[in-house]
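I have placed the structure first, in the form of structure tokens, so that the comments after it can refer back to it.
The values are calculated or read from the model by the stated rules, or taken from the named source; none is laboratory data. Nothing here was measured: the structure is a model prediction, and the numbers come from that model. No Cβ is skipped: glycine too gets one built from the backbone with ideal geometry, and neighbour counts run over all protein chains shown. Just the protein is used for accessible areas: all its heavy atoms, side chains included, with ligands, DNA and RNA removed. Shrake-Rupley method; radii C 1.70, N 1.55, O 1.52, S 1.80 Å.
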Amino acid sequence: MEKSISIAIDGPAAAGKSTVAKIIAEKLSYIYIDTGAMYRALTFIAIKNNNDLNDEEQLMTSLNNTLIQLKPSDNGQLVFLNGEEVTETIRSSEVTNSVSIVAKHRKVREEMVRRQQKLAENGGVVMDGRDIGTHVLPDAEVKVFLLASALQRAKRRHEENLSKGYESDLNVLMKEIETRDKLDSEREVAPLRKAEDAVVIDTTSLSIDEVVDRIMDLVVERN
Ligand code: CDP
Ligand code: CDP
């Protein structure tokens, strides 16, 4: 494959975006950029700074003083916040249940999009999030919108938690996922939405490999 293209993967919580994005980036030797981790990192620091999560200016002060770095490693992508590794810490339920409040603010999103576009400026990227196809990379050659039923997504997260040795309750997980999807879809600025030119893949009954194969077909087609 000669040209380095941009691949945008959007969709609701736990649809499988980061899992397939990482595999595709590896297959193509592209950079993988997890934009959700950037919003999670800001949420983590804002909680630590005792910010009012509804106060955009407080959040902007935290964001402007925060260096967020995404670094590939043999164990997947690592997230660093002002030099400190926070990869797992930013997946806590405290952060998960607050991140959509932080992500609704216009100035926060503008700064995040600026950072994300800078990371992607040379192409050769697979980026996953909620507004990649619509706002961050509107010219991406491949745009995918992953879907799966809320129950299936909660089951996947539940199994993932069990495999990491964490207790979790399927019904609570499903409610949290639905609440987050609603906040992300109904916010005013860059809501979770399928780009007009994105291809929808319903992954409810697909394996990870099947989803990867479908996206790789699109990559070959559009390259
Ligand atoms: O992995 P999971 O689906 O649980 O979420 P994530 O990708 O880590 O994203 C966490 C949250 O960040 C989302 O629920 C959104 O509120 C926000 N987000 C966003 O607003 N825009 C993005 N491009 C990525 C994430
Ligand atoms: O990034 P996002 O929140 O969209 O989802 P993820 O963290 O990549 O995936 C959630 C869980 O679903 C992971 O444990 C995956 O292994 C699993 N899974 C999947 O991603 N895709 C399938 N087709 C089946 C399972």
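Kindly indicate whether any position in the range 10-19 is outside any helix (DSSP H, G or I), among the charged types (D, E, K, R) and more than 9 Å from ligand 1 (Cβ to nearest atom).
Taking every residue of the range 10-19 in turn, none turns out to be outside any helix (DSSP H, G or I), among the charged types (D, E, K, R) and more than 9 Å from ligand 1 (Cβ to nearest atom).
Quickly run through the range 168-205 and pick out the residues that are more than 20 Å from the chain's Cα centre (by Cα) and open to solvent by less than 90 Å² (accessible area, probe 1.4 Å).
Matches in the range 168-205: Ser168, Asp169, Leu170, Val172.
Please work out which one of (1) among the hydroxyl-bearing types (Ser, Thr, Tyr); (2) surrounded by fewer than 18 Cβ atoms within 10 Å (Cβ to Cβ); (3) not in a loop (DSSP other than H, G, I, E, B) is the condition Thr134 fails and give its number.
Just one mismatch for Thr134, condition (2).
Residues of the range 77-96 being outside any helix (DSSP H, G or I), within 14 Å of ligand 2 (Cβ to nearest atom) and surrounded by 13 or more Cβ atoms within 10 Å (Cβ to Cβ), which ones?
If the condition is that a residue be outside any helix (DSSP H, G or I), within 14 Å of ligand 2 (Cβ to nearest atom) and surrounded by 13 or more Cβ atoms within 10 Å (Cβ to Cβ), then Gln77, Val79, Thr87 are the ones that fit.
Return the total of residues in the range 20-75 being among the acidic types (Asp, Glu) and in a helix (DSSP H, G or I).
Total meeting the criteria: 3.
Out of the range 128-155, which residues are of a type outside the set (A, V, I, L, M, F, W, C) and either away from ligand 2 (no atom under 14 Å from the Cβ) or within 16 Å of the chain's Cα centre (by Cα) (or both)?
Within the range 128-155, Asp128, Gly129, Arg130, Asp131, Gly133, Thr134, His135, Pro138, Asp139, Glu141, Lys143, Arg153 qualify.
Could you tell me which of the residues Ile24, Ile68, Ile45, Ile31 is touching a strand residue (DSSP E or B) at 6+ places or on another chain (Cβ under 7 Å), more than 12 Å from ligand 1 (Cβ to nearest atom) and open to solvent by 60 Å² or more (accessible area, probe 1.4 Å)?
Ile31
This table checks each residue for (1) within 14 Å of ligand 2 (Cβ to nearest atom); (2) outside any strand (DSSP E or B); (3) closer than 19 Å to Ile23 by Cβ; (4) not aromatic (Phe, Trp, Tyr).
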position: Gln117; (1), (2), (3), (4): no, yes, no, yes
position: Val126; (1), (2), (3), (4): yes, no, yes, yes
position: Glu176; (1), (2), (3), (4): yes, yes, no, yes
position: Met216; (1), (2), (3), (4): no, yes, yes, yes
position: Val219; (1), (2), (3), (4): no, yes, yes, yes
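Given the residues Arg193, Arg157, Arg180, which is the only one that is within 12 Å of ligand 1 (Cβ to nearest atom) and within 23 Å of Ile23 (Cβ to Cβ)?
Among Arg193, Arg157, Arg180, only Arg157 is within 12 Å of ligand 1 (Cβ to nearest atom) and within 23 Å of Ile23 (Cβ to Cβ).
Out of the range 174-210, which residues are in contact with a Gly (Cβ under 6 Å, 6 or more places away or on another chain) and of a type outside the set (S, T, N, Q)?
Within the range 174-210, Ala195, Ala198 meet the criteria.
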